[in-house]
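I have placed the structure first, in the form of structure tokens, so that the comments after it can refer back to it.
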Amino acid sequence: MVLSRPIDAGEVARTIGGRSGAQDQAVLIDAVGTADVLARGVWDRLRASGFRAQLVQIGDVLEPAGSDTPVAPTAPPPRSWVPPIAAAAVVVIAMGAVGYAESRRDGAARIPAAGSVGLAEGRVALRIPSGWEVTRITAGPGSRRVQIRSPADSVTALQLTQSYAPGEGLDATGRILRQAIDEQPPGVFVDFNAADRRGGRPAVTYREVRPGREIRWSVILDGATRISIGCQSAPGRQSFVLDACEQAVGSAHEAVGTASPS
């Protein structure tokens, strides 16, 4: 279905929830035009109600996982044909299987159904998608970090770094990071926000721009630990890592027994 503004995110979520068998389906949400905020509101409400919802670009959806036959949903016309009155809309497809496929620039990549496992690393514990590859990077440029990569797409990944920061408040974290970013070449670290929210918690956020990829960083504090989680995707493909990112940031915490440097 295609739902045009003016419309409330709660109304959209209730409409979807009222469909027969809706909770057994994966719900894909695409924002047309300037409806990004509305689409995110629908996603928040559906996830809170227990739905398997994902923000996507509808043109990237191929077929449900495990099916040999492409899905033929009632799709909206190409974006160039959307009349001005519907220039800001939410496109919702409820698919008959939990898994689904999304295209990549270098071919088709299947994104597996959501599921999570716990990861304990140094001072930090968090939830990550099951089946994602964990690699500890201790050499080369940049900080020591853990990379958690999607098996479906080599660019889609989470990055985790951590540091001991007893007594540090988020205001101080913001000042420290702002100073460090100002010392870097222009255009590499952008969209800095010292008073943002990610994963339902206060965070310092910024975006790192690299050839062929971008990393949206969220820096949070828990106990005596500063936790930095980078959500990496190809440019314009942040929806590929969005669920994993929200889960990781929302669940990250200082592990028990790490109140002193390790």
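The residue list L221, L177 contains one member that is modelled with pLDDT of 95 or more, out of contact with any Phe, Trp or Tyr (no Cβ under 9 Å at 6 or more places or on another chain) and under 18 Å from T161 (Cα atoms), which is L221.
For the stretch 201-212, the criterion of being open to solvent by 40 Å² or more (accessible area, probe 1.4 Å) and within 20 Å of A125 (Cα to Cα) is satisfied by at least one residue.
Being closer than 28 Å to A152 by Cβ, charged (D, E, K, R) and touching a residue at least 40 places away in the same chain (Cβ under 8 Å) narrows it down to one residue among R198, R210, R226; which is it?
After ruling out the rest, the residue left standing is R198.
If you check D153, D191, D171, D182 for being open to solvent by 20 Å² or more (accessible area, probe 1.4 Å) and either under 23 Å from the mean Cα position of the chain (by Cα) or of a type in the set (K, R) (or both), only one passes: D191.
Give the stretch 215-233 a look and list any residue that's under 14 Å from the mean Cα position of the chain (by Cα) and either open to solvent by less than 20 Å² (accessible area, probe 1.4 Å) or of a type in the set (F, W, Y) (or both), or say none. Matches in the stretch 215-233: I215, W217, S218, I229, G230, C231, Q232, S233.
The values are calculated or read from the model by the stated rules, or taken from the named source; none is laboratory data. The model shown is predicted, which means the values in this text are computed figures rather than measured ones. Glycine gets a Cβ as well: all are built from the backbone with ideal geometry, and neighbour counts include every protein chain shown. Keep in mind that these areas ignore ligands, DNA and RNA; they rest on the heavy atoms of the full protein, side chains included. Shrake-Rupley method; radii C 1.70, N 1.55, O 1.52, S 1.80 Å.
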